[in-house]
Amino acid sequence: MPFKRGLRRKTKSLPKTARLEHERLTSLINSMADAVIAVDEDVKVVLYNAAALNIFDINNIKVGSDLGSLFKPLDHNDRPREVDAMVKAADRPVTSRDLRLKYADGSLINLYISIAPVHLGYASKGDRGYVLLLRDITHEKSLEEERDEFISVVSHELRTPIAVAEGNIGNAQFIASKSGDMDAIKQSLKEAHEQVLFLADMVNDLSTLSRAERGKLHVEVAAIDVKGLVEELASNYQKEAAAKGLKLEAEVAVDVKPLHSSELYVREILQNFITNALKYTHQGEIDIKAAVDPKGVRFTVRDTGIGISKADQERIFDKFFRSEDFRTREASGTGLGLYVTLKLTHLIHAEISLDSELNKGSTFTILIPELA
Ligand code: ADP
């Protein structure tokens, strides 16, 4: 207990009640999860608690050492900040959530720091000083950043289809009140309808994601008719493929038997692969296959689309990730599909692999094991 040890000698001269009070206070401060450091007017360490050692990742702090030599925070642009100047400028309590601390191994943490000018009973010089409170807020920060990013991506992605749907409905109303041209009205309503369907898909993705993140999804295992499922999926997307001039084929090996897993999640995973293949393929074909594997069934969705660079392949399952490739950005998307897919994959103990080459195409493979 560094705080206690640092103080014991000086407390000998105190009356018994004052000493007890002091001991109680030091054990209280030492049990705090936040780092507490008291410095004198020259920003030299007077007291510290055990959590301060943790946050600085050191074994000992010498009383009387310069705080600036122990602690070199960085600002949000990774520029070093002079801690001495920061402390001396605190003529009233100040807090910051924007500083970071870099460790010897290169890792970084986000810091909450509060500096309060105080009257220090144990300061080496004079009675005034400062108390600093430090906390590692890396986790909170990343949740905050994720939430902000989520809101901005989702609102941006919602805005476009809403604007297109709204424009088309307005257009249909206008035509109806003027020329009454039925073909033009139908066309506008068709486009508006497509956008509303896209919005519905997106809301579904978001609600699956939110349930998956709260761990509320449970796996309902049943015998899946693999052939029936693959053929149904192929037929559901046949029209969309034809509209883009793509060939969509399904092939299920004859020896594939009913698979015991979650039909809902297997369907959702395959749908994500197929809708991506359709989105990111402009010519050629998409094929969906199912074959027997010693562990279960191996599904593949292969396309002859834009492909995924090696660097992007590392990140496509990350939340919100979308390739910078302009051909990706031509199609709308949230970058959530594969993230949700990966979550569902874990739930059913499946394994995903990807084989892709830029401008040639991609093959997503998922091995779904038999669940008892
Ligand atoms: P979204 O399609 O909404 O952007 P996903 O999470 O489904 O989000 O996919 C993430 C990214 O992975 C896509 O933005 C795209 O860059 C890339 N990607 C996924 N599937 C394919 C594919 N079949 N061909 C090329 N790129 C793909």
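The values are calculated or read from the model by the stated rules, or taken from the named source; none is laboratory data. Predicted model only: the values in this text are computed from it and were never measured. Every residue, glycine among them, receives a Cβ derived from its backbone with ideal geometry; neighbour counts consider all protein chains shown.
General observations
- Residues being surrounded by fewer than 16 Cβ atoms within 10 Å (Cβ to Cβ) and of a type in the set (Ser, Thr, Tyr) - total across the range 186-239: 3
- The single condition among (1) buried (at least 16 other Cβ atoms within 10 Å of the Cβ); (2) within 11 Å of the ligand (Cβ to nearest atom) that Thr300 does not meet is (2).
- Unmet requirement for Arg298, which otherwise passes all of (1) modelled with pLDDT of 95 or more; (2) assigned to a helix (DSSP H, G or I); (3) farther than 21 Å from Arg327 by Cα; (4) touching a Leu at 6+ places or on another chain (Cβ under 6 Å): (2)
- Checking Phe3 against (1) within 14 Å of Leu133 (Cβ to Cβ); (2) modelled with pLDDT of 85 or more, the condition it does not meet: (2)
- Selection status of Ser107, assigned by TED's automatic domain parsing to the domain that holds Tyr48, without any contact (Cβ under 8 Å) to a residue 12 or more places away in the chain, surrounded by fewer than 16 Cβ atoms within 10 Å (Cβ to Cβ) and of a type outside the set (A, V, I, L, M): yes
- Total residues in the range 314-331, condition within 7 Å of the ligand (Cβ to nearest atom) and either within 16 Å of Lys343 (Cβ to Cβ) or not in a loop (DSSP other than H, G, I, E, B) (or both): 3
- Among the residues making up the range 73-100, those that are over 33 Å from the mean Cα position of the chain (by Cα) and not in a loop (DSSP other than H, G, I, E, B) are Asp84, Ala85, Val87, Lys88.
- Checking each residue of the range 333-343 against the condition of being without any contact (Cβ under 8 Å) to a residue 40 or more places away in the chain and over 24 Å from Asp148 (Cα atoms) gives no match.
- Filter result for Val266 (more than 32 Å from the chain's Cα centre (by Cα) and buried (at least 16 other Cβ atoms within 10 Å of the Cβ)): no
- Sub-7 Å Cβ pairs linking a first residue in the range 274-290 that is over 16 Å from Ala234 (Cα atoms) to a second residue that is of a type in the set (S, T, N, Q) and at pLDDT below 95, at least 6 apart or interchain, are Tyr280/Thr328, ordered by first then second residue.
- Of residues in the range 332-363 being hydrophobic (A, V, I, L, M, F, W, C) and near the ligand (Cβ under 7 Å from one of its atoms), the one farthest from the chain's Cα centre (by Cα): Leu338
- Only listed residue being exposed (fewer than 15 other Cβ atoms within 10 Å of the Cβ), in the same structural domain as Ala242 (by TED's automatic domain parsing), more than 11 Å from the ligand (Cβ to nearest atom) and of a type outside the set (Gly, Ala, Ser), chosen from Lys295, Lys289: Lys295
- Condition check for Ile162: within 23 Å of Phe320 (Cα to Cα), at pLDDT 80 or above and either surrounded by fewer than 17 Cβ atoms within 10 Å (Cβ to Cβ) or not polar (S, T, N, Q) (or both): yes
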